[in-house]
1. Mind checking which residues of region B:311-326 are open to solvent by less than 30 Å² (accessible area, probe 1.4 Å) and within 28 Å of A:ASP80 (Cα to Cα)?
2. Quick check, is B:VAL234 away from chain A (no Cβ under 14 Å), out of contact with any strand residue (DSSP E or B) (no Cβ under 8 Å at 6 or more places or on another chain), open to solvent by 10 Å² or more (accessible area, probe 1.4 Å) and of a type in the set (A, V, I, L, M, F, W, C)?
3. Restricting attention to region A:259-274, does a residue exist that is out of contact with any helix residue (DSSP H, G or I) (no Cβ under 9 Å at 6 or more places or on another chain), closer than 25 Å to A:ASP54 by Cα and facing chain C (nearest Cβ under 8 Å)?
4. Looking at B:ARG231, B:ARG253, which is the one that is under 30 Å from D:ASP166 (Cα atoms) and either assigned to a helix (DSSP H, G or I) or modelled with pLDDT of 95 or more (or both)?
5. Could you check, for region A:65-72, whether at least one of its residues is within 10 Å of another protein chain (Cβ to nearest Cβ) and open to solvent by 10 Å² or more (accessible area, probe 1.4 Å)?
6. Check whether at least one residue in region A:249-267 is more than 23 Å from A:TYR178 (Cα to Cα) and in a helix (DSSP H, G or I), and report yes or no.
7. With respect to the numbered conditions (1) at the interface with another protein chain (Cβ under 9 Å from one of its Cβ atoms); (2) of a type in the set (S, T, N, Q); (3) farther than 18 Å from B:LEU81 by Cβ, which one is the sole condition not fulfilled by B:THR350?
8. Can you find a residue that is at the interface with another protein chain (Cβ under 10 Å from one of its Cβ atoms), among the polar types (S, T, N, Q), within 30 Å of A:ASP275 (Cβ to Cβ) and surrounded by 24 or more Cβ atoms within 10 Å (Cβ to Cβ) anywhere in region C:452-460?
Amino acid sequence: MNSNITRRAALAGLGGALALPAIRPAFAQGAPIKVGVLHSLSGTMAISETALRDTVLMMVEDQNKKGGVMGRRLEAVVVDPASNWPLFAEKARELLAVSKCDVVFGCWTSVSRKSVLPVFEELNGLLFYPVQYEGEEQSKNVFYTGAAPNQQAIPAVEYLMGKDGGEAKRIALLGTDYVYPRTTNRILRAYLNSKGIADADIMEEYTPFGHSDWQGIVSRVKRFAGEGKKTAIVSTINGDANVPFYRELGNQGIKAEDIPCVAFSVGEEELAGIDTKPLVGHLAAWNYFMSVEGAPNTAFKKMWADYIKSDKRVTNDPMEATYTGFRMWVQAVEKAKSTGVDAVREAMYGQKIMAPCGYEEVMGTNHHLSKPVMIGEVMENGQFNIVYKTPNAIPAENWSPFIPENKNRRG
Amino acid sequence: MSATTAPAGTTRGIPARQILRGAILIAILLLALLPLLNHLPADSAFRVSDFTVAVTGKWICYAVLALAIDLAWGYAGILSLGHGAFFALGGYAMGMHLMRLIGPRGVYGHPVLPDFMVFLGYRELPWYWLGFDHFPYAILMAMVVPGLLAFVVGYLSFRSRITGVYFSIITQAMTYALMLAFFRNDMGFGGNNGFTDFKQLLGVPLNTQGARAGLFYAALALLAGSLVLCRHIVGTKLGRVLVAVRDAESRVRFLGYSVTAFKLTVFVLSAVLAGLAGALYVPLVGIINPGEFAPGNSIEAVIWVAVGGRGTLIGALLGAFSVNALKTWLTSVAPDLWLFVLGGLFVAVTVFLPRGLIGLFRSAAK
Amino acid sequence: MEKRAAGQPAARTIMTRILPLLLVLLFALPAAAQDAFLDALPGLAGGFGTQAEAVERLGAGGDARALPVLRALSDSTLRKNGSTVILPDGTDAATGRPADTAGAETVRINNRVRSALRGALGRLQLVSAHADERYAAADSVFRSRSADNVAPLEAAIARESVPRVKERQQLALAASRLVAADAAVKRQGIATLGEASSEDARALLLEARAANPDMTAEIDRAVASIDSRLTFKRAAETLFQGLSLGSVLLLAALGLAITFGVMGVINMAHGEFVMLGAYTTFVVQEACRGIPWLLPWSLPLSVPAAFLVAGLAGTALERGLIRHLYGRPLETLLMTFGVGMILQQAVRLAFGAQNREVLSPAWMQGILSLPGGINITQNRLWVIVFSLLVLGLTLAAIRLTRFGLEMRAVVQNRRTAATMGIRTGRVDALTFAFGSGLAGMAGVALSQIDNVSPNLGTGYIIDSFMVVVFGGVGSLIGTLVGAMGLGVLNKVIEPWAGAVLAKVAVLVIIMLFIQRRPRGLFALKGRAAEA
Amino acid sequence: MSKPGLYMDGVSVVFDGFRALNNLSLIVDPGELRAIIGPNGAGKTTMMDVITGKTRPTAGTVRFGDADLTRMDEARIANLGIGRKFQKPTVFDALTVFENLELALKAPRDPWSCLRWALGGEARKRIETVMEEIGLSARAGDPAAILSHGQRQWLEIGMLLMQDPDLLLVDEPVAGMTDQETEHTAALLRRIAGTRSVVVVEHDLEFVRALNSRVTVLHEGTLLSEGSIDTVQNDPRVIEVYLGR
């Protein structure tokens, strides 16, 4: 079932690079619009990014069925930056300078985005970045369709400290040692301090990428929790390290009722590799869950199941952000009547879309989407039970007010 | 080879060697033309894109790294699986210089501290960052730091007679340990994100055709210089002692040569070359991050040498260019299948072409 | 009287607000217990706050009908249709008659409800017929922090005959007494808890400390008494964690100890063989899904399967490629790196880049409590046992079997062995297959603690080589001591250096150690080693 | 200044409980030619290893002139003027005959000097002389890899000559040589011995007889007998060891 998809993706890549004319219904006129796909298909990040590659290809196929954009066919150009950051920059340059892509969907990690950023700025390209991140950035050549910290981290901690979340008074911040957890935790610490939680009641610990032995840290969290105050874990643990982490939580018998753990990087895709029974009740904060009810999400899920030819594959937040970004880009191109980056950029501001999460999302002039915040509890079937939603989509604060240096920021 | 080689009996190899020498010269000249072709009008058939210039510049740096590995492995038999570490350290030295040059143009407008230090809450520059605002100091460090590390690791290992695969495993652990260490944000090297968003070098803004051409020529000059240096070394008695060490280490000792000193010399020199290559690589690709220390990178670099043909210097260049060109091409053309092709190539070359592509050419020439 | 523990000021204000309501209910209970059940029931179909309240009322009522409802709620098999609550068998929980299930939806709960549920279920199950359920119930009651539990617990303790359950109940009783109104009862609770040696008891005491300023001294004494035992417990747990990490390293390295240590072949695709073993576990599990009674045994079944799969892959690699490169270990290293790339991508295309879920059988889950309050996780314990078993089998295979004899003969002197009629090619293939098979078995164990993804093997390859070199190439006992030593060392350094630096420190220590003793801990000495 | 002699006293080497050398004492005077014989496992090669620094003795004294050899590594011992020819000829396959000899030529041995080394006329002449002596002049430019076994033996002897040592340790030099070559080797060694000490380990008793020197017999790591070849051959202990009980 899966090889089918990859073969198709491979062919799409081949077709893209060799510019083979695809067999398609006739399009009005003009050269195809090229859509670059810059996601790792091998290496450590392939685990997360391949699904996004498939999402973009699905959107391109869907848009072509609808007659393309402005009557022009879309053509996906897939490359493999192989989880290698300099290769990301090289591939970005190739997509822009050689393949002449009008828009690129890509990147997952912050470092890959930082790596391609100078290239996009130099060549005036257009990148849609679909993953939640630490903020502190705003490039005129990038539209950020994932969450900024205020759209994920802070509401989640607020929830933990509220009645439904168990009124946590002591917080263990566990993260992978890189910039997203560091920055997020810095913001959270400032926020917690402002809510009267002393530094003594905050534990902060970082682990390397792919950390697989969590015994020591989980028992230290247990000890930290043994100080007689309701304790919660806020996890910014990245990717591969989550499976062993959750297994250890389950095995050491840490129940969500005792020490709830809220994660910012764990979605349906990550849970697919874990037996979720011992984890029921642990939380994740996102802007979208597959279990969201409503017509837009039903349509999105059906589209995905049809494309991937499997009803077992899940959808997740970055896929939804990719979908939303893609739709918005189509709207902006049609509004601007051009694929020119400057025209599209202007047209993007204020674009509205009914996203699969069931809210109307708006692209701000800060290049970030307004998004609702949702808290979900892990259910036995690996899905999330949404226990909290903000009433409205919240505008992004990509420059966090909790980072004092932002006052000195240029521009 | 040097003139000291006895004259008799070597006539057979000469024409092939001359052809090869001519081919290298032509290749270098062609490479030198690339940035000029970049300036042709966009519709010209001979125009070379920005991408090609940038990517070729990167390959040149890789070629220097391959050359450094070949000097140590091909001639002295020292197989280091940690050369990526020396390359990365050189890169970090240059990266630190480039970060210092950003100055107040960073996002937070701090006059001295790079952005990542600002939002990680540093108050002042750590001591080991001092001096990196000077270009000569940075270049010096790009050589000294890898050289010093190679000296320490090499001295301890060679003195204890750690050879062959054991040395390979130790150097692999070295680069792995460095990778883990550099991933730590507390080290003051920007953690996983490393250094990016460089603005200028030697007063020239980096994101311009001119700067790229300049860097390209600098890399080409480094490659040519390294090649001349390495060829000179292997042509002297020093080179012959190295070959002797490779083939029969203990015999060399009984001849009265201090094997440790010779190995150390070539290993440190090789590390310095790798460091310089890394220093030029960073402004060309625009990023340096702990991923460069990944053990897989070092192994791949060794494989370039094996593919080209080790112990020939030219083979290292050939391997670095061909494997990387193939990789660049395949990751675009067959993003799902390129690992099969590349992996298959590595297997095929080591099993069927023990002397690499160069060996293939040489036997074809005969 | 409060229905729930009131440790924090915030909780307290909330509690005082609903307290009058609860008190009214409490007094109404004895008179109209049946009505209370019916009254509370529809609350389960409400919002989370209402649900939590309803659960507490159902638990407090002690009504027999509440138990199946609460159990169903906890298993998320309870459904609702409007305000009707429907049991899993399709009957209306209130009337016992078949309910209208059209349009019914599962009742969802959150942590707050779950927490209340645990207390309520715990109290109802204190009288369960199964010792395990009573034990779990005592545990739940221990965590629910309600003084109401004192009476039921006292009754339960009086009836209890199983010592471990009784012990647990006494602890729960102490915890419940801690929130009692009566100071003397409270002191009793403090004294009992002071004799426990768990972090939970400590947390409860500290929680009570904030609420009872007049008992600070006693509580501090109790906490200090717990702490003195915790120090030992923690040291023991650190040791266990170290051994556990060591056993993982041992498993990953054992195959290498054969292929590298005995044959001198550097197999960089070793990690990929481990990964193949993990995927075999996944495939076996999926195959077992069709046969439900077999599913719990899929993991033991995977062990021989993984051995075979990785072993066959190893044979193919050895016969097809490696044997052309004997005597050229460095080339073998590079070649197998290419093989590793291919295997990784092949698995990625066949199974997808995503993690695959390998279930843990029930007997591998949860915690085993040893005397002294030392808690060890079952799956880690199994991994340790498994690794020692595999080591034992390996030693037996080498020392006791004909194959082992031939293998040792070929290693020591290939030519002599050949002249004695040993088919050296076959022995090479079998030895390599054996080492690869061991890697596959390691994959089965790793599927229980790590990701089953194409990258699984990459994370272990360097550590494995370090273990083999550190322990002494060619010595399986060296591999055992090396692995365990490094595991414990890592865990000892970790608390004060952090996980990253601990790893770096261990690597540096090994590197320095190897400089001092190039042949590792258990070096082969003498002339053979000089060759 | 007189040439140094070799002095070994009470030397023992223990591997894992196995005594390869057991309280061995041996003195080789300057300019002396000494043959050492003994059955397999007698400790001949281990003795060579101890002298050249490859193996550290567990106990005992080894001196060459005033130098304490037990504290030095192979390279320093070689530079003191002790050359060794191995049982299995070890030459550098990738280098030519000429280059092999050039490496052995007595000259500064540090990397920097090697980098700046230029072959002078005198050195070239010396190499050519030695090539003449070992009969390999015609093969000067051939890599050592393509030489025959006997030629490799000769090349290694040639390298030993280039080293110009004060003490030569020669391990089974005539294995694989024709009778004529064997005679030639014996003559060569006798000639050399005038100016420097030579220790020859050999199985071939005819060759030892041809050397016409003092003979030391080793057995199980200790000195069994010493004297002229005839004395030794008539020693009952030697006969017992060689012929068995």
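1. Step one: of region B:311-326, the residues open to solvent by less than 30 Å² (accessible area, probe 1.4 Å) are B:311-317, B:319-320, B:323-324.
Once the filter is applied, which keeps residues that are open to solvent by less than 30 Å² (accessible area, probe 1.4 Å) and within 28 Å of A:ASP80 (Cα to Cα), region B:311-326 yields B:GLY315, B:ALA316, B:LEU317, B:GLY319, B:ALA320, B:VAL323, B:ASN324.
2. Details: away from chain A (no Cβ under 14 Å): yes; out of contact with any strand residue (DSSP E or B) (no Cβ under 8 Å at 6 or more places or on another chain): yes; open to solvent by 10 Å² or more (accessible area, probe 1.4 Å): yes; of a type in the set (A, V, I, L, M, F, W, C): yes.
Considered against the rule, which asks whether it is away from chain A (no Cβ under 14 Å), out of contact with any strand residue (DSSP E or B) (no Cβ under 8 Å at 6 or more places or on another chain), open to solvent by 10 Å² or more (accessible area, probe 1.4 Å) and of a type in the set (A, V, I, L, M, F, W, C), B:VAL234 comes out as yes.
3. Of all residues in region A:259-274, those out of contact with any helix residue (DSSP H, G or I) (no Cβ under 9 Å at 6 or more places or on another chain) come to A:272.
Subset that is closer than 25 Å to A:ASP54 by Cα: A:272.
Subsequent filtering for residues that are facing chain C (nearest Cβ under 8 Å) retains A:272.
Checking region A:259-274: at least one residue is out of contact with any helix residue (DSSP H, G or I) (no Cβ under 9 Å at 6 or more places or on another chain), closer than 25 Å to A:ASP54 by Cα and facing chain C (nearest Cβ under 8 Å).
4. Values: B:ARG231 fails: under 30 Å from D:ASP166 (Cα atoms).
It is B:ARG253.
5. Of the residues in region A:65-72, the ones within 10 Å of another protein chain (Cβ to nearest Cβ) are none.
Within region A:65-72, not a single residue is within 10 Å of another protein chain (Cβ to nearest Cβ) and open to solvent by 10 Å² or more (accessible area, probe 1.4 Å).
6. Yes, some residue in region A:249-267 is more than 23 Å from A:TYR178 (Cα to Cα) and in a helix (DSSP H, G or I).
7. Unmet for B:THR350, out of (1) at the interface with another protein chain (Cβ under 9 Å from one of its Cβ atoms); (2) of a type in the set (S, T, N, Q); (3) farther than 18 Å from B:LEU81 by Cβ: (3).
8. Step one: of region C:452-460, the residues at the interface with another protein chain (Cβ under 10 Å from one of its Cβ atoms) are C:452-456, C:458-460.
Applying the additional criterion that residues be among the polar types (S, T, N, Q) yields C:453, C:455, C:458.
So of that shortlist, the ones also within 30 Å of A:ASP275 (Cβ to Cβ) come out as C:453, C:455, C:458.
Still in the running and surrounded by 24 or more Cβ atoms within 10 Å (Cβ to Cβ): C:453, C:455.
Yes.
The values are calculated or read from the model by the stated rules, or taken from the named source; none is laboratory data. These figures come from a predicted structure and were not determined experimentally. Glycine also receives a Cβ, built like all others from the backbone with ideal geometry; neighbour counts cover every protein chain displayed. To get the accessible areas, we keep the full protein, side chains included, count just its heavy atoms, and leave off ligands, DNA and RNA. Shrake-Rupley method; radii C 1.70, N 1.55, O 1.52, S 1.80 Å.
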